[in-house]
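Visitor: One structure, pasted below without further comment.
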Amino acid sequence: MRHIFTRNLLKRYPVITRAEGSYLFDEGDRAILDGCSGAVVVNLGHGHPEVMAALETQARRVTFVHTSLFVTDALAEASEALAGVLPPELGTIYFVNSGSEATETAIKLAHAYWRAAGRPEKHLVVARWDSYHGNTLGALSASGHRARRAPYAELLLPFPHFDAPNLYRRPQGTDPCAYGRERAERLAEALEAVGPERVAVVMVEPVVGSSLAAMPPPEGYLARLAEICRTYDVLLAVDEVMCGAGRTGRWFAFQHAGITPDLVCFGKGVSNGVTPVAGVAAHGRLVEAIRAVGGGFVHGHTFGGNPLGMAVVRAVVEVMVRERLVEAVVPRGQALRERLVGLAEEFSVIGDVRGAGLLLGVELVADPATRRPFAPEANVTGRLSDLLIEEGLALYPCPGIADGRAGDGFIVAPPYTATDEDFDRLADSFRRALKRLVPTLKAG
Ligand SMILES: Cc1ncc(COP(=O)(O)O)c(C=O)c1O
């Protein structure tokens with residue numbers, strides 16, 4: 001183990017030796033409920049037989065060709081499968097290997113479109129504070145996650161940011177819709193400030209994942225953003241790397257808002273974590289503009305669209321459509337939310353339970369009346385995460401969710417296939433961990 005360059009070199013990580021359905025198993029074969037599907041990835045549960053069979057079958061046919069020279073049936077079928085669950089305008093799919101590559105691809109596609117349209121001066125990406133679009137430098141430049149940006153500040157591109165809505169931390173007593181309308185106008189202000197003639201694309205997460213622990217938008221907010229983008233003639237890219245692939249009860253979260261974005265970034269759940277797959281669905285208007293000026297898109301990654309990943313994507317979409325899993329997400333999410341709300345009633349340290357579908361979040365606060373967060377030095381998220389794992393539960397830690405530095409919370413996002421018994425077990429483990437944490441907070 002000593003040769004692993006771990007995320008934190010001082011921390012000892014539990015060793016996982018196998019996984020099945022909603023459970024991970026450690027070296028002692030102790031079961032840990034995967035309450036966050038890895039990183040909101042393993043939506044169908046670990047080792048889904050049909051997905052694994054698709055991988056094996058493809059492995060015997062062809063595992064690699066380079067997309068600069070060839071395409072494959074597997075690539076065509078995965079593209080068709082995803083196009084089938086997207087609005088018809090967004091039916092052209094570009095595959096890459098990670099969410100960061102997907103958001104960078106969306107940025108480059110936006111550039112390529114404006115160059116094709118004869119407007120190369122439109123190059124800036126406008127994105128939001130409290131957002132995460134990936135860790136590579138272009139994606140991190142768009143990201144508004146302050147703690148992830150800080151160590152690399154000098155390397156980042158000067159992309160303007162505007163404030164995302166945070167329903168939990170909105171001024172007390174404000175109407176959520178009025179607050180959403182006010183926050184949407186921040187985009188118009190940002191575009192006016194920078195000059196919309198210089199802006200290529202606006203990038204947002206419809207439901208904010210790790211930066212705000214599953215924060216849904218206020219009613220009407222996304223529709224207003226889309227309208228502002230149209231008014232100012234800038235493209236709209238939605239980053240659905242986390243909230244897509246059915247998590248919120250629609251195939252993609254933007255579909256709740258009744259909008260048609262220009263670019264949709266996806267990743268994580270589309271491959272169920274079997275192989276790394278991500279990509280971008282592009283609006284036909286962009287594709288046609290690029291086709292009209294020679295058809296070349298100067299981009300590409302060696303493993304993008306590789307046959308193994310493509311066979312997996314096709315199988316994942318087939319299973320989800322056939323078993324109507326996206327439709328099931330809403331009632332399953334409701335059943336899970338009830339358990340989390342129950343915990344919030346028991347433990348005043350839980351200030352908020354939120355989210356959409358099976359992408360839920362809890363926020364922990366020092367004072368629920370004022371929503372005052374714990375000091376970042378208290379490392380409440382980190383300590384609770386360790387206790388949760390000791391109690392047999394993995395949740396996705398989200399430190400810094402109050403202001404980018406302070407604030408503690410978790411994403412709760414088990415596989416779509418998790419049962420009521422799994423949810424009960426999740427709540428029991430969470431309760432035991434909180435019971436151990438709370439006295440230490442009082443002492444501190
Ligand atoms: C919304 C969003 N976009 C982009 C990314 C980056 O994806 P990856 O880690 O696969 O590069 C993530 C990862 O968590 C994400 O949640």
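Visitor: Specify which of the listed residues (Y416, Y396) is out of contact with any strand residue (DSSP E or B) (no Cβ under 9 Å at 6 or more places or on another chain), crowded, with 18+ Cβ neighbours inside 10 Å, at pLDDT 95 or above and within 16 Å of A214 (Cβ to Cβ). Even if it seems obvious, please write down each step before you answer.
Guide: On the way: Y396 fails: out of contact with any strand residue (DSSP E or B) (no Cβ under 9 Å at 6 or more places or on another chain).
Residue meeting the stated conditions: Y416.
Visitor: Considering only residues of the range 23-41 that are open to solvent by 10 Å² or more (accessible area, probe 1.4 Å) and closer than 23 Å to L340 by Cα, which is farthest from the chain's Cα centre (by Cα)?
Guide: Looking only at the range 23-41, we keep the residues that are open to solvent by 10 Å² or more (accessible area, probe 1.4 Å), and these are 23-31, 38-39, 41.
Filter once more, keeping what is closer than 23 Å to L340 by Cα: 23-24, 31, 38-39, 41.
On the way: Y23: 21, L24: 21, A31: 26, G38: 12, A39: 9, V41: 9 Å.
Once the filter is applied, the top-ranked residue is A31.
Visitor: When S68 is evaluated against the numbered criteria (1) open to solvent by 60 Å² or more (accessible area, probe 1.4 Å); (2) within 29 Å of D420 (Cα to Cα); (3) of a type outside the set (A, V, I, L, M, F, W, C), which criterion, by number, is the only one it fails?
Guide: Status for S68: all satisfied but (2).
Visitor: Across the range 261-308, which residue is farthest from the ligand (Cβ to nearest atom) among those that are surrounded by 15 or more Cβ atoms within 10 Å (Cβ to Cβ) and of a type in the set (S, T, N, Q)?
Guide: Among those residues, the one meeting the criterion is N306.
Visitor: Pairs needed: first member in the range 205-225, in the same structural domain as Y132 (by TED's automatic domain parsing); second member anywhere, more than 11 Å from the ligand (Cβ to nearest atom) and of a type in the set (S, T, Y); C-beta distance under 7 Å; at least 6 residues apart or different chains.
Guide: Every condition considered, the pairs that remain are V207/T248; P218/Y179.
Visitor: For the range 238-251, what are the residues that are more than 12 Å from the ligand (Cβ to nearest atom) and buried (at least 24 other Cβ atoms within 10 Å of the Cβ)? First the steps, then the outcome.
Guide: Step one: filter the range 238-251 for residues more than 12 Å from the ligand (Cβ to nearest atom), giving 246, 248-251.
If the condition is that a residue be more than 12 Å from the ligand (Cβ to nearest atom) and buried (at least 24 other Cβ atoms within 10 Å of the Cβ), then G246, T248 are the ones that fit.
Visitor: Under the condition of being of a type in the set (G, A, S) and open to solvent by less than 10 Å² (accessible area, probe 1.4 Å), which residue from the range 211-223 is nearest to the ligand (Cβ to nearest atom)?
Guide: Going residue by residue through the range 211-223, those that are of a type in the set (G, A, S) are 211, 213-214, 220, 223.
Applying the additional criterion that residues be open to solvent by less than 10 Å² (accessible area, probe 1.4 Å) yields 211, 213-214.
Working: S211: 8, A213: 12, A214: 11 Å.
It comes out as S211.
Visitor: To continue, here is another question. What is the number of the single condition among (1) touching a residue at least 24 places away in the same chain (Cβ under 8 Å); (2) open to solvent by less than 90 Å² (accessible area, probe 1.4 Å); (3) not assigned by TED's automatic domain parsing to the domain that holds D428 that R61 does not meet?
Guide: (2)
Visitor: Of the residues in the range 67-100, how many are closer than 24 Å to F252 by Cβ and assigned to a helix (DSSP H, G or I)?
Guide: Number of matching residues: 15.
Visitor: Follow-up. Looking only at the range 268-295, which residues are assigned to a loop (DSSP other than H, G, I, E, B) and of a type outside the set (S, T, Y)? Show your work before the answer.
Guide: So in the range 268-295, the residues assigned to a loop (DSSP other than H, G, I, E, B) come out as 272-277, 283, 293-295.
Scanning the range 268-295 gives N272, G273, V274, P276, V277, H283, V293, G294, G295.
Visitor: Moving to a separate point now. Would you mind stating whether V321 is touching a Lys or Arg at 6+ places or on another chain (Cβ under 9 Å) and either in the same structural domain as L75 (by TED's automatic domain parsing) or of a type outside the set (S, T, Y) (or both)? Spell out the reasoning first.
Guide: Working: touching a Lys or Arg at 6+ places or on another chain (Cβ under 9 Å): no; either in the same structural domain as L75 (by TED's automatic domain parsing) or of a type outside the set (S, T, Y) (or both): yes.
Considered against the rule, which asks whether it is touching a Lys or Arg at 6+ places or on another chain (Cβ under 9 Å) and either in the same structural domain as L75 (by TED's automatic domain parsing) or of a type outside the set (S, T, Y) (or both), V321 comes out as no.
Visitor: Considering only residues of the range 80-95 that are buried (at least 18 other Cβ atoms within 10 Å of the Cβ) and over 15 Å from H283 (Cβ atoms), which is nearest to the ligand (Cβ to nearest atom)? It would help to see each step written out before you state the result.
Guide: Taking the range 80-95 and keeping what is buried (at least 18 other Cβ atoms within 10 Å of the Cβ), we get 81-82, 85-86, 90, 92-95.
Those still in the list that are over 15 Å from H283 (Cβ atoms) too: 81, 85, 95.
Details: A81: 20, V85: 19, F95: 13 Å.
Checked the range 80-95; the qualifying residue nearest to the ligand (Cβ to nearest atom) is F95.
Visitor: Also: Tell me which residues, restricted to the range 129-147, are open to solvent by 20 Å² or more (accessible area, probe 1.4 Å), within 11 Å of the ligand (Cβ to nearest atom) and part of a helix (DSSP H, G or I).
Guide: none
Visitor: Residue check, S98 against (1) within 16 Å of the ligand (Cβ to nearest atom); (2) of a type in the set (G, A, S); (3) surrounded by 23 or more Cβ atoms within 10 Å (Cβ to Cβ), all met but one. Which one?
Guide: Here S98 meets the rest and fails (3).
Visitor: What number of residues in the range 367-400 are outside any strand (DSSP E or B) and more than 14 Å from A147 (Cβ to Cβ)?
Guide: First pass over the range 367-400, keeping only residues outside any strand (DSSP E or B): 368-371, 373-392, 395, 398-400.
Keeping just the survivors that are more than 14 Å from A147 (Cβ to Cβ) gives 368-371, 374-375, 378, 380, 383-392, 395.
Number satisfying all stated conditions: 19.
Visitor: Right, another one. Taking the range 148-172, which residues are surrounded by 14 or more Cβ atoms within 10 Å (Cβ to Cβ) and of a type in the set (A, V, I, L, M, F, W, C)?
Guide: Taking the range 148-172 first, the residues surrounded by 14 or more Cβ atoms within 10 Å (Cβ to Cβ) are 148-149, 156, 159-170.
Across the range 148-172, the qualifying residues are L156, F159, F162, A164, L167.
The values are calculated or read from the model by the stated rules, or taken from the named source; none is laboratory data. In this text, all values refer to a predicted model and were calculated from it rather than measured experimentally. No Cβ is skipped: glycine too gets one built from the backbone with ideal geometry, and neighbour counts run over all protein chains shown. Just the protein is used for accessible areas: all its heavy atoms, side chains included, with ligands, DNA and RNA removed. Shrake-Rupley method; radii C 1.70, N 1.55, O 1.52, S 1.80 Å.
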